[in-house]
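Notes for the one structure printed next.
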Amino acid sequence: MIRKKVCIVGFYGVGKTSLVRRYVDSIFDERYHTTIGVKIDKKDVTVDGTGVSLAIWDMAGEDEIAQVKLSHLRGASGYLLVADGCRRISLDKARELRARIEEQFSSLPFVLVVNKADVKVQWEIREADLDQLRDEGWTLTEASAKTGSAVDGAFQILTKRMLAAGAVQRPADDDDE
């Protein structure tokens, strides 16, 4: 089994923790939970016949006061960059955050997840904004932590991209299982 560290980053309140809980535990909680520091979960998956153990680092959100500690991305094989479709500023912050990550870590595989697809009629982010990102080469998906729509798919896309990049952290020893 191959081990991969995945970081979940984005503006505060975009649903990072909800996406992780939906993916790892198949649950959704309406209550807002602030992440302090980093919460680490684990999920073992098989992608294209390859066993992958994901260490998922759910990082505290960025706001005007606190910036994401990019040092937490050290050793990561890739990251999910999360925006809230209902808050345009979260996409602007995602662009800024990606630029900072690229500056420090070069080209880590990533997927932009635009959360809250279940309430798309309320979105401030327009399709033209997403088309522009696609034109710039971004891989993105519209998902809903609430309904679970496209959540597994987002992690699967990222895992495939990490495997293709070949950035293996270290193979698991048989004794580790």
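Where a number appears in this text, it was derived from the coordinates with a stated rule and is not lab data. As the structure is a computational prediction, the values presented were derived from the model and not from experiment. Positions of Cβ are generated from backbone atoms using ideal geometry, with glycine treated the same way; all protein chains shown enter the neighbour counts.
Note down the relative contact order for the chain as a percent, whole number, built from C-alpha pairs under 8 angstrom at least six residues apart. Intermediate values should be presented prior to the final figure.
Numbers: 318 pairs, mean separation 49.9, N = 177.
So the answer I get is 28 percent.
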(request) Mind running the shape call on region 2-171? Use the C-alpha gyration tensor, a ≥ b ≥ c as the square roots of the eigenvalues: rounded below 1.5 for a/c, prolate if a/b tops b/c, oblate otherwise. (result) rounded
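Could the peptides 114-121, 156-163, 24-31 be put in order, highest first, of the mean number of other beta-carbon atoms found within 10 Å of their residues? Before the final figure, lay out the partial values.
Numbers: 114-121: 18.5, 156-163: 20.9, 24-31: 10.8.
Those peptides, ordered most packed to least, come out 156-163, 114-121, 24-31.
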(request) May I ask you to evaluate 6.51 cos²θ - 1.76 cosθ + 1.60, the Karplus curve with θ = phi - 60°, for each residue of region 44-54 and list the ³J(HN,Hα) values in order in whole Hz, giving x for glycine and proline? (result) 9, 9, 10, 10, 6, x, 9, x, 10, 9, 8
(request) Would you work out the charge dipole size for the chain about its Cα centre, treating the Cβ of every Lys and Arg as +1 and the Cβ of every Asp and Glu as -1, and quote it to the nearest 20 debye? (result) 160 debye
(request) Mind giving me the nanometre distance, one decimal, between the label points for residue 48 and residue 127, set 7 Å out from Cα along Cα→Cβ? (result) 3.0 nm
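Quick one: which of 5/120; 43/120; 5/93; 93/146; 69/120 span more than 27 angstrom between C-alpha atoms? Before the final figure, lay out each step's value.
On the way: 5/120 30 Å; 43/120 29 Å; 5/93 23 Å; 93/146 22 Å; 69/120 30 Å.
Listed pairs above 27 Å: 5/120; 43/120; 69/120.
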